[in-house]
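Sharing a structure here in structure tokens format.
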Amino acid sequence: MTLPNQQVLSPKLYTRLFTTDHRIIGLQYLALALFSVTIGTLLSLVMRIHLVWPTWPLPLHGLILPEDYLAVVTLHGTIMLFFVLTTAPQAGFGNLILPSQLGARHMAFPVLNALSFWTTAAALITLLSSPLVPNGAAISGWTAYPPLSAVAAAGPGQGLGMDLWLVSISLFALASTASSINILTTIIRNRCPGLTWDRLPLTVWGWFTAALLSLIAFSVLLAALLLLFCDRHCGTGFFVPTGDLVNGVLHRGANGSPLLWLHLFWFFGHPEVYIAILPGMGLTSMLLANFSRRRPFAYRTMIYTTLLIGLLGLLVWGHHMFVSGLNPFASSAFSVSSIAIAIPATAKVLSWLATIWRAKPQYTTAMLFSLGFVSLFIAGGLTGPILAQPILDQYLNNTLFVVAHFHLIMAMAGVFGLFAATYYWFPQISAALGKPNLILSESLGRWHFWITILAAYAVFLPMHLSGLAGEPRHYAQLTTGSLTPTTALLARTIPANLHTTYSAFVLAAAQLLFFYNLVRTLLRGTPAPENPWQSTTLEWHPQFTNPFFPLPASDEETEKIIVYRDPCHYHAPPSGTIFIPQWMPDASIDPKPE
Amino acid sequence: MILASAPTATSPSAFWYLPIDAAAHGPALDHHLLLNLWIALALLTLAHLILFTGLILRLRSEPTHIGRIEYLPLAIITTLFIALAVRAESLWAANRYTGPSRTALQIEVTGVQFAWYFRYPGPDATFGVTRPQLVSAAEANPLGIDPADPHSIDDRVTSKLVLPANREIDLTLRSQDVIHGLSIPELRLKQNAIPGQTVHLHFTATTPGTYALLCTQLCGLGHFRMNATVQVVPWGDYIGWLASQPTEAHQ
Ligand code: HEM
Ligand SMILES: [Cu+2]
Ligand SMILES: [Cu+2]
């Protein structure tokens, strides 16, 4: 094989930071997401404490005012959805793993790739600087409904804070659009010989569909953000009606409609939540199969359901608007398309259940997190069709029931997908860092899994009841001091809220185990064998797992990787644990022990 | 004041934490909601049973019956969802597809950061014109009602929503500034108020009592305290209460 490449081993800081090496860019994205998820989690703890102990003074800050609470909600939602759940699965693991799974040595546009990352980083810095400006960060939530978001007078944080939010998300949208073009082109153009479409791992199908959705959704979001920016600064009135009177400021300009924003935003917003989860769904299929030593059940159907979920995902945005002034007939139509998504989603769940059915799988930590993903996806997914019935949404909209729904299916399932990915691909992460194949501690991992899943359910299951009792979301306080029908209604939710807050502490604390595991392994981990999980996909090809293997300037310089079959070929015991990687020529397979 | 928000402890709605139900369309909605919740709980349990059973049972070769494992359960679930959707749509249609009857009582609700104002049109059954330029809380005209409009004179603006029991109500929903969300959980009602747009909502309150009206759409820093009181009272009490409220002419 080739000699160690000094350029790769000891590059200058500058070349290392502004690298166009997709593996390093992937790590940069993952580091950004890890940093973001830490901030986002701390913010969520602030909210949980404030909700049950409203007089608790935040250290270094003091009493939490209603506008502080809303700024925290807005930052939490924006950071988690954009900078964690969009960034880590798609751009992070996408860069780190996707090219190798294609047998490619490069992303299609390496420079664009680096630019995308640095634009994302600039977006994050912009967002995080917004609490520091006068009047603080924006308070209009991750959905930024106008006129609240369009008029600076509408509240503290809606001036400069809101502008920074807009700039941040615009940069993010630009970067995501560029990144999705890169991913799509890479999948279309850079597949190695033999890797036909039907031989692509389901992870690649997840990334592919998510990138398609990103391309469509983020460009619409970008347009909407620009229009909103114009409403704020150029005297237009796309989203604000004539005669709108906000806090003494009268809008005399054009007669726009806030509903236009809702349409544009949710045309982006719903696909966005699928962008967050599709890579995790693909990974779950692959990991359940790998550790069960079986092919994912109904492989082809899984490809189609991934694409179908993506397609339907573009047609359901109105389900966020049933009680927002949408025509009731349109609500019915969106209701039908939304419930229709439950069908490919159910097909996925059935495939997962069938894949592990009586397979006696190997319970690695990655497998446990994949099983956790399935459980959370079912738990969160079952409330989707309930919310998709307008008559029921008329009761449940904007209550904690919705919050429970999307935290289980998106936040928790999404994060479980990321944990599965991290435990499974850690040898790849360490290889990209220039350390030989390291594996995270499995015993720490098991503790991490069990505490996390139990705490996740303890946090989010009671939220359904708070929501059914009528608790609205985005409430800075549940009590106002006086006894009113509202405080009486909300008082019934206090036990559930306390339970949620206590559980949130456990959930957050369990993540210290994960951090400890990361650090300990990177410092003192022992190298694992090549391809430790006996996987069949190309990222475990020796050419990719060897950390000393440099990225050559062109594909011609190295031995070609050729694919001979689709992924997930195993022979189950008692014939021995034989697995046949995608790159192994038929000739070199041992005679089948049958 | 009686604050009756919890149903009797033994009812199924109490199991799911629902507050009492005081609207004519409520029981059907609750019934459908509870049905959905039980089905979801059952499917959640079933899926986990299958998951754990599959993990515990001893090894067997790979399942291959794609029809039996994938398509049959899929067909069953699809049928189930179609049935639920049909029922839900018919309830939705009954509530929203048609307008209120001609005899429905008109009340206008306006959301303003961070208060709700209720306007009763008086004997002429017509609301006076409002103009944003005339809005002035200091001059007791928070809605900007134009005193020059003859329809304004008998209008009454209140901060409490008082409804006669068993009379159909036609709510006209408006917002002066940003989007607000009108929600009366005990009447199983929710509808956003959109600036620049009027939305109608019709319903009948059945059970007299005192209920909460909350804002459910993030509208700014006072969102959490943008609440009001709803009182459902017998017709006679309603007439008496209304007469005791000052009209615009007597402000
Ligand atoms: C079975 C398929 C699903 C259906 C039918 C469904 C339906 C719905 C509906 C109707 C709402 C709006 C509720 C409301 O605002 O009142 C909603 C909210 C939401 N859903 Fe789902 N959902 C499904 C799956 C998912 C998935 C897979 C994700 C993400 C991975 C997701 C993430 C969200 C989020 C983030 C929200 C809340 C957005 C917000 O208001 O901030 N849902 N869902
Ligand atoms: Cu959606
Ligand atoms: Cu509000």
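The values are calculated or read from the model by the stated rules, or taken from the named source; none is laboratory data. In this text, all values refer to a predicted model and were calculated from it rather than measured experimentally. Backbone-built Cβ (ideal geometry, glycine too); neighbour counts: all protein chains shown.
Quick check on this structure: which one of A:T452, A:T480, A:T486, A:T500 is buried (at least 17 other Cβ atoms within 10 Å of the Cβ) and without any contact (Cβ under 8 Å) to a residue 60 or more places away in the chain? Full working, then the answer.
Details: A:T452 fails: without any contact (Cβ under 8 Å) to a residue 60 or more places away in the chain; A:T480 fails: buried (at least 17 other Cβ atoms within 10 Å of the Cβ); A:T500 fails: without any contact (Cβ under 8 Å) to a residue 60 or more places away in the chain.
Just a single option satisfies the conditions, and that option is A:T486.
Yes or no, residue by residue, for (1) away from ligand 1 (no atom under 16 Å from the Cβ); (2) part of a loop (DSSP other than H, G, I, E, B); (3) in contact with a Gly (Cβ under 6 Å, 6 or more places away or on another chain):
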| residue | (1), (2), (3) |
| --- | --- |
| A:K360 | yes, yes, no |
| A:Y363 | yes, yes, no |
| A:F373 | no, no, yes |
| A:A379 | no, no, no |
| A:P385 | no, no, no |
| A:I391 | no, no, no |
| A:V402 | no, no, no |
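Quick one: would you say B:R102 is within 29 Å of the chain's Cα centre (by Cα), free of Cβ contacts under 8 Å to residues at least 12 places away in the same chain and outside any helix (DSSP H, G or I)?
Against the criterion (within 29 Å of the chain's Cα centre (by Cα), free of Cβ contacts under 8 Å to residues at least 12 places away in the same chain and outside any helix (DSSP H, G or I)), B:R102 qualifies.
Could I ask something else about it? Could you identify the single residue in A:P241, A:P296 that is away from ligand 3 (no atom under 16 Å from the Cβ), in a loop (DSSP other than H, G, I, E, B), buried (at least 24 other Cβ atoms within 10 Å of the Cβ) and within 14 Å of another protein chain (Cβ to nearest Cβ)? Walk me through how you get there before you give the answer.
Working: A:P241 fails: buried (at least 24 other Cβ atoms within 10 Å of the Cβ).
Being away from ligand 3 (no atom under 16 Å from the Cβ), in a loop (DSSP other than H, G, I, E, B), buried (at least 24 other Cβ atoms within 10 Å of the Cβ) and within 14 Å of another protein chain (Cβ to nearest Cβ) holds for just one of A:P241, A:P296, which is A:P296.
Name the residues in the range A:207-238 that are within 18 Å of A:A153 (Cβ to Cβ) and assigned to a helix (DSSP H, G or I), would you?
If the condition is that a residue be within 18 Å of A:A153 (Cβ to Cβ) and assigned to a helix (DSSP H, G or I), then A:L228, A:F229, A:C230, A:D231, A:R232, A:H233 are the ones that fit.
Would you check if there is a residue in the range B:142-156 being part of a loop (DSSP other than H, G, I, E, B) and within 16 Å of ligand 3 (Cβ to nearest atom)?
no
Moving on. Kindly indicate whether any position in the range A:300-307 is at pLDDT below 95, more than 9 Å from ligand 1 (Cβ to nearest atom) and outside any loop (DSSP other than H, G, I, E, B). Walk me through it before giving the result.
Going through the range A:300-307, the residues at pLDDT below 95 turn out to be A:300-301.
Okay, now just the ones that are also more than 9 Å from ligand 1 (Cβ to nearest atom), so A:300-301.
Add one more test, that the residue is outside any loop (DSSP other than H, G, I, E, B), and what stays is A:300-301.
Yes, because at least one residue in the range A:300-307 is at pLDDT below 95, more than 9 Å from ligand 1 (Cβ to nearest atom) and outside any loop (DSSP other than H, G, I, E, B).
Check B:E248, B:E139 and return the single one that is acidic (D, E), buried (at least 20 other Cβ atoms within 10 Å of the Cβ), more than 24 Å from the chain's Cα centre (by Cα) and more than 13 Å from chain A (Cβ to nearest Cβ).
B:E248
Within the range B:182-198, can one find any residue that is more than 7 Å from chain A (Cβ to nearest Cβ), farther than 20 Å from B:K160 by Cβ and in contact with a strand residue (DSSP E or B) (Cβ under 7 Å, 6 or more places away or on another chain)?
yes
Let me ask you something else. Please find, among A:V323, A:V336, the residue that is within 30 Å of B:A193 (Cβ to Cβ), out of contact with any Gly (no Cβ under 9 Å at 6 or more places or on another chain) and either among the aliphatic types (A, V, I, L, M) or buried (at least 23 other Cβ atoms within 10 Å of the Cβ) (or both).
On the way: A:V323 fails: out of contact with any Gly (no Cβ under 9 Å at 6 or more places or on another chain).
Within the list A:V323, A:V336, the selection yields A:V336.
I'd like the full set of residues that are facing chain A (nearest Cβ under 7 Å) and touching a residue at least 24 places away in the same chain (Cβ under 8 Å), limited to the range B:199-220.
B:V199, B:T210, B:Y211, B:A212, B:L214, B:T216, B:Q217, B:C219, B:G220
Follow-up question, since we're still on this one. Only one of A:G253, A:G269 is more than 16 Å from ligand 3 (Cβ to nearest atom), at pLDDT below 95 and either assigned to a loop (DSSP other than H, G, I, E, B) or of a type outside the set (A, V, I, L, M, F, W, C) (or both); which?
That would be A:G253, the only listed residue that is more than 16 Å from ligand 3 (Cβ to nearest atom), at pLDDT below 95 and either assigned to a loop (DSSP other than H, G, I, E, B) or of a type outside the set (A, V, I, L, M, F, W, C) (or both).
Another question, if that's okay. Taking the stated definitions as given, is B:T210 surrounded by fewer than 24 Cβ atoms within 10 Å (Cβ to Cβ) and under 18 Å from the mean Cα position of the chain (by Cα)?
Working: surrounded by fewer than 24 Cβ atoms within 10 Å (Cβ to Cβ): yes; under 18 Å from the mean Cα position of the chain (by Cα): yes.
For B:T210, the condition - surrounded by fewer than 24 Cβ atoms within 10 Å (Cβ to Cβ) and under 18 Å from the mean Cα position of the chain (by Cα) - is met.
Checking A:I429 against (1) modelled with pLDDT of 95 or more; (2) out of contact with any Asp or Glu (no Cβ under 9 Å at 6 or more places or on another chain); (3) crowded, with 23+ Cβ neighbours inside 10 Å: exactly one of these is not met. Which one?
(1)
State all residues of the range B:186-205 that are under 16 Å from B:A94 (Cβ atoms) and either in contact with a Gly (Cβ under 7 Å, 6 or more places away or on another chain) or away from ligand 3 (no atom under 16 Å from the Cβ) (or both); if no residue qualifies, say none.
B:L187, B:R188, B:H200, B:L201, B:H202, B:F203, B:T204
If I ask for residues that are closer than 22 Å to B:T103 by Cα and within 16 Å of ligand 3 (Cβ to nearest atom), which ones from the range B:162-185 would you list?
Initially, the range B:162-185 is screened for residues closer than 22 Å to B:T103 by Cα, giving B:162-174.
The answer is B:L173, B:R174.
Now a separate question. With in contact with a Phe, Trp or Tyr (Cβ under 8 Å, 6 or more places away or on another chain), basic (K, R), more than 16 Å from ligand 1 (Cβ to nearest atom) and in a strand (DSSP E or B) as the only criterion, which of B:R174, B:R119 stands out?
It is B:R119.
Report whether or not A:S116 is at pLDDT below 95, assigned to a helix (DSSP H, G or I) and over 17 Å from A:I49 (Cβ atoms). Before you say what the answer is, go through the steps one by one.
Working: at pLDDT below 95: no; assigned to a helix (DSSP H, G or I): yes; over 17 Å from A:I49 (Cβ atoms): yes.
No; evaluated as a whole, the condition is false for this residue.
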